[in-house]
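Colleague: Below is the structure I would like to discuss, written out as structure tokens.
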Amino acid sequence: MRKLRSFPEGFLWGGATAANQFEGAYDADGKGLSVADVVKRKAHVDVKEYAAHQAISTKDILEAMDTDDLKAYPKRRGSDFYHHFKEDIALMAEMGFKVFRLSISWPRIFPNGDDLLPNEKGLQFYDDVFDECLKHGIEPLVTLSHYEPPLNLVLNYEGWYSREVIGMFTKYVELVAKRYKGKVKYWLTFNEIDSIIRHPYTSGALVEDRFLNQDFRHVVYQAMHHQFVASALATKILKEVDPKNQVGCMLTKLTYYPLTCHPLDVLKMQQDMRATYCYSDTQVHGEYPTYLLARYKNEGFEIKAEPGDFDVMKRYPVDFVSFSYYMSSCVAHNPEGKETTAGNTVVGIKNPYLETSDWGWQIDPVGLRISMVDLYDRYRKPLFIVENGLGAKDVVNEKGEIDDDYRISYFREHFKTMLDAMEFDGVDLMGYTSWACIDLVSESTKQMSKRYGFIYVDSDDEGMGTFNRLRKKSFHWMKKVIESNGACLFEDEC
């Protein structure tokens, strides 16, 4: 009798969200403002113009602080998980989730980042969320910093460029590590830590107009160093509080192909891949790679480090490597005249062999296998795919149903290549959390209409709607995938 292919026993199936895009209740129960709460949706900007959507100034921030508008500032409302968490976690349990990736909002715990005392109501909220997860047999996978530094760090410090922020962050980490001991054992330090290079405000609380007399690239590099030190210290704290804790880094897995076999195109691809890997290289190996140090030297930048920085980085590397993967793109040494398309925080040359989503992201399941092999060959540490999914325009039909067969097709092909990488390439993959298991406000364009979830949230881009939850067709399909541990992917049942 032929044995069905399936994922290994204990594989962690689940979904992923982020507090700043999902929780809502931005000013409830003592929460302070995060950098995300003052970012405006730019409906007039093309969805493929990522840099324009990310641009922000001090003037923009001050204007936002003078209004309680929820329409223009969609991350303030998110999907209202804050008031729906029991219902949402029950839906995840119905699907069979083994793990739920979410983030703790730092300003919900310390509203300004530098507060002497924490906000007890914020701490209790996450107690309730984790208890609800565990009641349903779902392991929380918690990101400590996911694009939501307290806004006070922008206004009264210099964001992560300020050395003081390391101490504020580790105080927060120590508190939540002790508070949630026994409830949370899987942790990520910084979401897509490399993203500070592409959107320094969102990740690093850095606004360029506040550093007018400095080379802003060097400001970002120094802030990155502080985050590396803070990540190592967070790992140290989590391990000391509970040796059972598993701590991972989180990388934006940008996968590039040379447009042609011209040696200069291949070299360009290698250089661009190094520009991605340098961040995970640092967190996995506990030291800066020589090629990154060479780049800093050639740019005239010198890391301002304090005694003990490099030692703590070396002593406390991560246990596993998590990453986001959505798409791939091509590169060429001479991009002039080449057709480009958008992607996850980048714009790249369009690959003529791939389909493209409504938002210009190229769909490449084989690229996921290539990414997994590259990462595992490079690090020999367990991998965890913590973001992957398809943003699409879902429509509720006359029967009140959502037939998202395009999403099912997307996941089916990606899951098959995941298993190929595990079975045929020897990759050690711990688990998979789709982005985002429930519709939320997108990071790139701040839209609700860019939907990723298995569960529909009745809200439009201006926050109009009931916020009721509705199971999509993909919800029932994913439930079968998890029930069969992927075996149904190779039969007719799912």
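The values are calculated or read from the model by the stated rules, or taken from the named source; none is laboratory data. None of these values were measured; they are calculated from a predicted model. Quick reminder, even Gly has a Cβ in these numbers, built from the backbone with ideal geometry, and neighbours come from all protein chains shown.
Colleague: State whether the residues of the range 352-362 include one that is in contact with a helix residue (DSSP H, G or I) (Cβ under 6 Å, 6 or more places away or on another chain) and closer than 27 Å to HIS199 by Cα. Talk me through it step by step, then tell me what you get.
Modeller: First, the residues of the range 352-362 that are in contact with a helix residue (DSSP H, G or I) (Cβ under 6 Å, 6 or more places away or on another chain): none.
No: zero hits.
Colleague: From (1) in a loop (DSSP other than H, G, I, E, B); (2) within 30 Å of ASN468 (Cβ to Cβ); (3) in contact with a helix residue (DSSP H, G or I) (Cβ under 7 Å, 6 or more places away or on another chain), pick out the condition that doesn't hold for LYS381.
Modeller: Evaluating LYS381 over (1) in a loop (DSSP other than H, G, I, E, B); (2) within 30 Å of ASN468 (Cβ to Cβ); (3) in contact with a helix residue (DSSP H, G or I) (Cβ under 7 Å, 6 or more places away or on another chain) leaves (2) as the failure.
Colleague: Output yes when any residue across the range 308-317 is out of contact with any His (no Cβ under 7 Å at 6 or more places or on another chain), modelled with pLDDT of 95 or more and not in a helix (DSSP H, G or I), and no when none is.
Modeller: yes
The rows are residues; the columns are (1) surrounded by fewer than 23 Cβ atoms within 10 Å (Cβ to Cβ); (2) within 21 Å of MET92 (Cα to Cα); (3) of a type in the set (D, E, K, R).
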site	(1), (2), (3)
ILE138	yes, yes, no
GLU148	no, no, yes
TYR157	yes, no, no
TYR161	no, no, no
VAL165	no, no, no
LYS171	yes, no, yes
LEU175	yes, no, no
TRP187	no, yes, no
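Colleague: Assess whether PHE169 counts as being within 22 Å of the chain's Cα centre (by Cα) and closer than 21 Å to ARG101 by Cβ.
Modeller: When the stated conditions are applied, PHE169 passes them.
Colleague: Which of the helices (runs of 4 or more DSSP H) found entirely inside the range 198-306 contain at least 3 residues meeting this: basic (Lys, Arg) and surrounded by fewer than 22 Cβ atoms within 10 Å (Cβ to Cβ)?
Modeller: Once the helices (runs of 4 or more DSSP H) in the range 198-306 are filtered for at least 3 residues that are basic (Lys, Arg) and surrounded by fewer than 22 Cβ atoms within 10 Å (Cβ to Cβ), what remains is 216-241.
Colleague: Quick one: in the range 182-197, which of the residues that are touching a Ser or Thr at 6+ places or on another chain (Cβ under 6 Å) and not in a helix (DSSP H, G or I) is farthest from ASP131 (Cα to Cα)?
Modeller: For the range 182-197, the residue satisfying everything is GLU192.
Colleague: A follow-up question, please. Kindly evaluate THR417 against the criterion of being in contact with a helix residue (DSSP H, G or I) (Cβ under 8 Å, 6 or more places away or on another chain), touching a residue at least 40 places away in the same chain (Cβ under 8 Å), among the hydroxyl-bearing types (Ser, Thr, Tyr) and on the phi < 0 side of the Ramachandran plot. Walk me through it before giving the result.
Modeller: Working: in contact with a helix residue (DSSP H, G or I) (Cβ under 8 Å, 6 or more places away or on another chain): yes; touching a residue at least 40 places away in the same chain (Cβ under 8 Å): yes; among the hydroxyl-bearing types (Ser, Thr, Tyr): yes; on the phi < 0 side of the Ramachandran plot: yes.
So THR417 passes the test.
Colleague: Looking at ASP281, ASP311, ASP272, which one is closer than 30 Å to ASP428 by Cβ, over 26 Å from the mean Cα position of the chain (by Cα) and among the acidic types (Asp, Glu)?
Modeller: ASP311
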